[in-house]
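Remarks on the structure that follows.
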Amino acid sequence: MRVLIVYYTQSGNTQRIAEQIAKGARKAGAEVTLLRLKRVNYEMFDDYDLIGFGSPTWKADTPNMHAFIDKMPMQNGKHCFAFNTHGTLPHLYFPIVIPYLKARGLLPIGYRGWYGDVNMPGMPKPYYTFGHPDEQDLAEAMAFGQEMAENSRRIAAGETDLIYPDPEMNDKVFEQAMICSNMLLCPTNPQGAFLRDPEKCRYPKCHLCMDNCTMGYIDLSREPQVFGNRGDRCDDCHECSYCFMICPFGAIYTEDPNQFEKDKGIRHKNFEVMLDRDEAEGTFRRHIPADEVGFDTPYIYWHPQRPYLKVPKENE
Ligand SMILES: Cc1cc2nc3c(=O)[nH]c(=O)nc-3n(C[C@H](O)[C@H](O)[C@H](O)COP(=O)(O)O)c2cc1C
Ligand code: SF4
Ligand code: SF4
């Protein structure tokens, strides 16, 4: 059997999980191809029996993967599975993602998420989920990959009771929908807009932001050059800041230079309540106590050198 695993990653968490899922599927005897989203086209799907889709969680969703899936030709019952990594809001993603996989004619046979460390410019460092994915997460991901490949084979042979039930619409889903509602309704980036300083930009020697823009909003080869969803700036509502984080030369900046000052010292009590509960239920393992979260050191204070974040290397 042939398995294609398509994933998106910014800081490497989802990639690490995807690599373990691939190992697990290989253990089950599958031939596995692991590819970043930008390297995948729909024609490739014909060569695979099972497709895995993995992404980080952004506003409980995955904007670039979502756009890719929405434009997908109908898949006529092809088996798929979904996986994610997430910060403090794990419970909304699959109730949102599984229906739109089904809407494209895919048959989702399973889904699974893992905590991941968070690297956003204004978020505390270390973050509540520091240390994830950890060894246990990686082992679970491998077991999940093995399970998905084995189950797909058995489901193809007629064992339909192996298909995971639809994600439950339980209190946790509604709780996180309430917490996310401000985020979901905000039409722009709450971090403000990101702009590019042509004086500092080293294009065409550097084209890192153009190659890695999450939403494909950057084209510096055109005249006039295009940067961000507004053409000269980016205020995309998903809180993306990737180009700002990865630009090696500090050529991307925020509209308000004190933007991240306002995040300093903020303790996210609602996150703590949810994490305490999930820890008590055994679904969250804490690697640092809540008191040691870096409330006074938002990411870019903790890591002030440029680039703030390096694009993870592809290992396969
Ligand atoms: C722009 C952005 C938005 C995010 N939004 C959420 C969110 O709504 N809920 C959540 O649980 N985590 C959120 N996170 C945290 C990521 O889902 C988490 O850090 C993930 O493990 C990152 O995966 P990656 O390293 O593969 O990019 C967000 C991270 C970023 C960068
Ligand atoms: S990453 Fe920075 S220097 Fe490189 S092209 Fe983009 S803005 Fe210019
Ligand atoms: S913030 Fe930068 S990387 Fe993210 S979508 Fe906007 S232009 Fe692209």
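Pairs of Cα atoms under 8 Å, at least six residues apart: use those to get the relative contact order of segment 2-168, whole percent.
28
What distance in nm separates the two pseudo spin-label positions at Glu316 and Arg222, each 7 Å out from Cα along the beta-carbon direction?
3.4
Amide H neighbours of Leu34 under 5 Å, counting only residues 5+ apart in sequence or on other chains, H built in-plane at 1.01 Å?
Distant-sequence amide H within range of Leu34: Ile5.
Treating only the Cα positions of segment 2-168 as identical point scatterers, give the base-10 log of I(q)/I(0) from the Debye formula at each q in 0.10, 0.16 Å⁻¹.
Here log10 of I(q) over I(0) equals -0.33, -0.87.
Indicate the helices, whole DSSP H runs only, in the chain that combine a mean Kyte-Doolittle hydropathy of 0.0 or more with a Cα extent along their long axis of 15 angstrom or more.
93-103, 171-185
Please tell me which of these pairs span more than 18 angstrom C-alpha to C-alpha: Lys59/Lys172; Lys59/Lys264; Lys71/Lys313?
Check vs 18 Å cut-off fails for Lys59/Lys264; Lys71/Lys313.
Could you state, as a whole-number percent, how many of the C-alpha pairs of segment 242-316 are farther apart than 20 Å?
The calculated P(r) of segment 242-316 puts 51 percent of pairs beyond 20 Å.
Extending each Cα 7 Å along its Cβ direction at Arg2 and Tyr253, get the distance between those two points in nm, one decimal.
5.0
Please identify the cysteines of the chain that lack any partner cysteine with a Cβ under 4.7 Å from their own Cβ.
Singleton cysteines: Cys80, Cys180, Cys186, Cys201, Cys206, Cys213, Cys234, Cys237, Cys240, Cys247.
What's the Kirkwood radius of the chain in Å, using all Cα pairs?
20.5
Tell me the relative contact order for the chain as a rounded percent, counting alpha carbon contacts under 8 Å between residues six or more apart.
Working: 549 pairs, mean separation 62.7, N = 316.
Value for the chain: 20 percent.
Mind checking segment 126-214 for GluC sites (Glu not before Pro) that DSSP puts in a loop (not H, G, I, E or B) and that have at most 12 other Cβ atoms within 10 Å?
Those that pass, being in a loop and sparsely packed, are Glu159, Glu168, Glu199.
Using the crude model of +1 on Lys and Arg Cβ and -1 on Asp and Glu Cβ, and no other charge, please compute the dipole size for segment 185-316 relative to its Cα centre, in debye to 20.
380
Could you list which residues have their amide H under 5 Å from that of Arg233, counting only those 5 or more apart in sequence or on another chain, with H placed in the peptide plane?
When sequence neighbours closer than 5 places are left aside, the close amide H contacts are Phe227.
If you consider only alpha-carbon coordinates, what radius of gyration and Dmax does segment 194-255 have, in Å?
Just the Cα atoms of segment 194-255 yield Rg and Dmax of 10.2, 30 Å.
Can you give the relative contact order of segment 103-241 as a percent, counting alpha carbon pairs under 8 Å and 6+ residues apart?
Relative CO of segment 103-241 lands at 20 percent.
Sequence neighbours fewer than 8 away in the same chain don't count; with that in mind, list the lysines whose C-alpha is under 19 Å from Lys78.
Output for Lys78: Lys102.
Using 0.36 nm times the number of residues separating Gln305 and Ala157, minus their current alpha carbon distance, what extension gain do you get?
Taking 0.36 nm per residue and subtracting the Cα distance, the gain is 47.8 nm.
Roughly what % antiparallel, to the nearest 5, for the DSSP beta bridges in segment 1-80?
For segment 1-80, the DSSP antiparallel bridge percentage is about 5.
For a quick check of your reading of the filter: which trypsin sites (Lys or Arg not before Pro) in segment 263-316 sit in a DSSP loop and have no more than 13 other Cβ atoms within 10 Å?
Those that pass, being in a loop and sparsely packed, are Arg267, Lys310, Lys313.
Bear in mind these aren't lab numbers, they're just calculated from the coordinates by the rules spelled out. Just so it is clear, the model here is predicted, and its values are computed rather than measured. Here the Cβ is made from the backbone with ideal geometry for all residues, glycine too, and neighbour counts use every protein chain on show.
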